[in-house]
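J.: Here it is, the structure in full.
The values are calculated or read from the model by the stated rules, or taken from the named source; none is laboratory data. Quick caveat: nothing in here was measured; it's all calculated off a predicted structure. FYI the Cβ positions are ideal-geometry reconstructions off the backbone, even for glycines, and counts take in every protein chain you see. Protein only, heavy atoms only, side chains kept; ligands, DNA and RNA dropped before computing areas. Shrake-Rupley method; radii C 1.70, N 1.55, O 1.52, S 1.80 Å.
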Amino acid sequence: MPTYRTATEDETIALGERLAARLPRKGVTLLIGNLGAGKTTLAKGIVKGLKAAAPEDVASPTFTLIHEYGGGRVCHVDLYRLDDPREVATLGLDDLFERDAQVLIEWGERFPELLPAERTEVRIRALENDEREIEVIERP
Amino acid sequence: MKVVRILGIESSCDETAAAVVENAEVVLSSVVASQMTTHGKYGGVVPELASREHLRAIVPVVREALGLAGARLEDLAAIAVTTGPGLVGSLLVGMTYAKSLSFASGVPLIAVNHIEGHIHSVILEARRAGTEVAFPALALVVSGGHTHLFEVREGFEYRLLGKTRDDAAGEAFDKVAKLLGFSYPGGPVIDFLAPYGDPNAVRFTFARMKGNASDFSFSGLKTAVLRWVEARGMESEIAARRALRRGPSPPTAEEWLAATPRATLDLLASFQHAVIRELLTRAVAAAERMGARALIVSGGVACNTGLRAAAASAGLPYPVFFPSPGFSTDNAAMIAAAAFPKLERNQFARLDIAADAGLTLA
């Protein structure tokens, strides 16, 4: 279970690019961390690493819930606003999981019963200043 | 002058809306069935609820819009419908209904981009008031899902000048409101409370960004507010507001004010001030670079009274246009208005056009 440290936003994006190289073409990755931890920043790096879009084109999907990049090769989901698993269930996540796509999910850990057992979890913690600690866990 | 009427249908997000607009100028009817009360309970837009609510509302809303306008379907020049961006499930409700109306009546269909609609909201109202928007204009479209700067040229050609790299401005309002225990949407409550605080009490600074100088960023500001709150142990007042929110009826503005201590009012005032400064500074600089002859502000955040006041007192060398509050938020008159130039160019949509969740304007 490798743990990384980054000191700036640019380093977090660069780490995302490196992580992208290790992710399967089809899979689910949870981005876990508090408000402002840097989940969307890391997503920018992963999307860039998968050559699906430029980092500046990857914005927060909080309002829109699902963003797709690279013709649907990467989906960026954000469940921040949803509280009830029944509502999340109707979002059609299962369809996304079946696609030949890498599905990045923010705030997904709040609905474990809706997620595949086989997944990557990336835990991001804000330290002092702009430093971040990023831990990558492969499940199961 | 020949009377040309277009029916507009909008269902991309919160609202199910229909409107009839005549000659790109007169709004004969504009009906909006808001789902805000349904969503408020969940703290946001819930897609399944959204599409179900759209489905329930679409037929009566369109019927009412036609009835209020005294318009018959067969007499319309076109049916305009939002095809994106938005939630696919929600878009499909409006699109499917618009297509069936078009198929049944033979009235042609026009596809409209939701963001272009927001820009036309302002252009329509300005025209009606006899103060036409001069081009090229700079359009700032700012809402919960969008923060974009467009150059708008004669003939409605668009060029994207900048956009948010992370959170939309309206999303920053919503997230700050939520973390402080207020209800959704966050914009109106923060806008109401901000004048009671000192906008210079908390100094928020924006990190300088590399690359496009017209891009926005609100994520750092959101995080700064979170750090400020964490450092001050505000749990009890936040819990009190959450309890207020869960009460039997939605809290009034005065109840929110009573539940918000001075230091928090200062925080809200400073936060709103920082958002406004970020929006206006970048918009004004972009307007200057492109030689804009007008500034258009639209989208839900255009309702913000602090933003309106700041724009009015900025002493800009070109007029600034805001939509009236009912035209800031999502409505269908803007969709019909945006369709008139397309009608002139015979730019009709086929009945098999698909919804595009990520549709871009330029």
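J.: Checking A:Gln102 against (1) open to solvent by less than 20 Å² (accessible area, probe 1.4 Å); (2) under 16 Å from B:Val88 (Cβ atoms); (3) touching a strand residue (DSSP E or B) at 6+ places or on another chain (Cβ under 6 Å); (4) not small (Gly, Ala, Ser), only one condition comes out false. Which one?
T.: In the conditions (1) open to solvent by less than 20 Å² (accessible area, probe 1.4 Å); (2) under 16 Å from B:Val88 (Cβ atoms); (3) touching a strand residue (DSSP E or B) at 6+ places or on another chain (Cβ under 6 Å); (4) not small (Gly, Ala, Ser), A:Gln102 misses (2) alone.
J.: I want to confirm something. Restricting to region B:230-255 and keeping residues that are assigned to a loop (DSSP other than H, G, I, E, B) and farther than 21 Å from A:Asn34 by Cα, which single residue is most open to solvent (accessible area, probe 1.4 Å)?
T.: B:Arg246
J.: Next question. Determine whether region A:101-116 contains at least one residue that is more than 12 Å from the chain's Cα centre (by Cα) and modelled with pLDDT under 90.
T.: No, that holds for no residue.
J.: If you take the residues in region B:181-190 that are within 15 Å of B:Val225 (Cα to Cα) and either free of Cβ contacts under 8 Å to residues at least 24 places away in the same chain or surrounded by fewer than 24 Cβ atoms within 10 Å (Cβ to Cβ) (or both), which one is nearest to the other protein chains (Cβ to nearest Cβ)?
T.: So the residue we want is B:Gly186.
J.: What strands (runs of 3 or more DSSP E) lie completely within region B:108-175 and have 2 or more residues being touching a residue at least 40 places away in the same chain (Cβ under 8 Å), out of contact with any Ser or Thr (no Cβ under 9 Å at 6 or more places or on another chain) and not polar (S, T, N, Q)?
T.: So the answer is B:137-142, B:147-153, B:157-163.
J.: If you take the residues in region A:120-140 that are touching a Gly at 6+ places or on another chain (Cβ under 7 Å) and not β-branched (Val, Ile, Thr), which one is most open to solvent (accessible area, probe 1.4 Å)?
T.: As a first pass, look at region A:120-140 and keep what is touching a Gly at 6+ places or on another chain (Cβ under 7 Å): A:120, A:123-126, A:132.
Then drop every residue that is not not β-branched (Val, Ile, Thr), which leaves A:123, A:125-126, A:132.
Numbers: A:Arg123: 95, A:Arg125: 129, A:Ala126: 39, A:Arg132: 35 Å².
Among those that are touching a Gly at 6+ places or on another chain (Cβ under 7 Å) and not β-branched (Val, Ile, Thr), it is A:Arg125.
To keep it simple, each residue is scored yes or no on (1) in a helix (DSSP H, G or I); (2) surrounded by 19 or more Cβ atoms within 10 Å (Cβ to Cβ); (3) within 22 Å of the chain's Cα centre (by Cα).
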| position | (1), (2), (3) |
| --- | --- |
| B:Glu53 | yes, yes, yes |
| B:Leu66 | yes, yes, no |
| B:Gly86 | no, yes, yes |
| B:Val93 | yes, yes, yes |
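J.: Give me a count of the residues in region A:15-65 that are assigned to a loop (DSSP other than H, G, I, E, B) and within 13 Å of chain B (Cβ to nearest Cβ).
T.: 17
J.: Here is a further query. Kindly evaluate B:Phe173 against the criterion of being more than 10 Å from chain A (Cβ to nearest Cβ), more than 29 Å from B:Val229 (Cβ to Cβ) and surrounded by 21 or more Cβ atoms within 10 Å (Cβ to Cβ).
T.: Here the answer is no, as B:Phe173 does not meet what is asked.
J.: For region A:68-91, name all the residues that are more than 7 Å from every other protein chain (Cβ to nearest Cβ) and within 17 Å of the chain's Cα centre (by Cα).
T.: A:Tyr69, A:Gly70, A:Gly72, A:Arg73, A:Val74, A:Cys75, A:His76, A:Val77, A:Asp78, A:Leu79, A:Tyr80, A:Val88 - these are the residues of region A:68-91 that are more than 7 Å from every other protein chain (Cβ to nearest Cβ) and within 17 Å of the chain's Cα centre (by Cα).
J.: Does B:Leu149 satisfy being open to solvent by 10 Å² or more (accessible area, probe 1.4 Å), of a type in the set (A, V, I, L, M) and assigned by TED's automatic domain parsing to the domain that holds B:Gly306? Please lay out each step first, then the result.
T.: On the way: open to solvent by 10 Å² or more (accessible area, probe 1.4 Å): no; of a type in the set (A, V, I, L, M): yes; assigned by TED's automatic domain parsing to the domain that holds B:Gly306: yes.
No, not satisfied.
J.: I'd like to know if region B:263-273 contains one or more residues that are open to solvent by 20 Å² or more (accessible area, probe 1.4 Å) and over 24 Å from the mean Cα position of the chain (by Cα).
T.: Step one: filter region B:263-273 for residues open to solvent by 20 Å² or more (accessible area, probe 1.4 Å), giving B:263, B:266, B:273.
The next check asks that each one be over 24 Å from the mean Cα position of the chain (by Cα); those that pass are B:263, B:266.
Scanning region B:263-273, I find at least one residue that is open to solvent by 20 Å² or more (accessible area, probe 1.4 Å) and over 24 Å from the mean Cα position of the chain (by Cα), so the answer is yes.
J.: Considering only region A:66-140, give the strands (runs of 3 or more DSSP E) lying wholly within it that have at least 2 residues that are touching a Pro at 6+ places or on another chain (Cβ under 6 Å).
T.: A:74-78
J.: Would you mind telling me which numbered condition in (1) modelled with pLDDT of 90 or more; (2) more than 21 Å from A:Val47 (Cα to Cα) A:Ala89 fails?
T.: (1)
J.: Can you report the number of residues in region B:327-356 which are open to solvent by 50 Å² or more (accessible area, probe 1.4 Å) and not hydrophobic (A, V, I, L, M, F, W, C)?
T.: The number of residues fulfilling the criteria is 8.
J.: Moving on to the next point. Step by step: first the residues of region B:68-84, then only those that are of a type in the set (A, V, I, L, M, F, W, C) and in a strand (DSSP E or B), then the one that is farthest from the other protein chains (Cβ to nearest Cβ). Which residue is that?
T.: The residue in question is B:Ala78.
J.: Say we look at region B:198-229 and pick out the residues that are part of a helix (DSSP H, G or I) and of a type outside the set (A, V, I, L, M, F, W, C); which of these is nearest to the other protein chains (Cβ to nearest Cβ)?
T.: Here is the first cut: in region B:198-229, the residues part of a helix (DSSP H, G or I) are B:219-229.
Now narrow it down to the ones that are of a type outside the set (A, V, I, L, M, F, W, C): B:219-220, B:222-223, B:227.
On the way: B:Ser219: 7, B:Gly220: 8, B:Lys222: 6, B:Thr223: 3, B:Arg227: 8 Å.
Step by step, filter region B:198-229, then rank; the result is B:Thr223.
J.: Quick one: which residue in B:Ala357, B:Ala294, B:Ala337 is outside the structural domain of B:Val176 (by TED's automatic domain parsing) and under 25 Å from B:Glu132 (Cβ atoms)?
T.: So the residue among B:Ala357, B:Ala294, B:Ala337 that is outside the structural domain of B:Val176 (by TED's automatic domain parsing) and under 25 Å from B:Glu132 (Cβ atoms) is B:Ala337.
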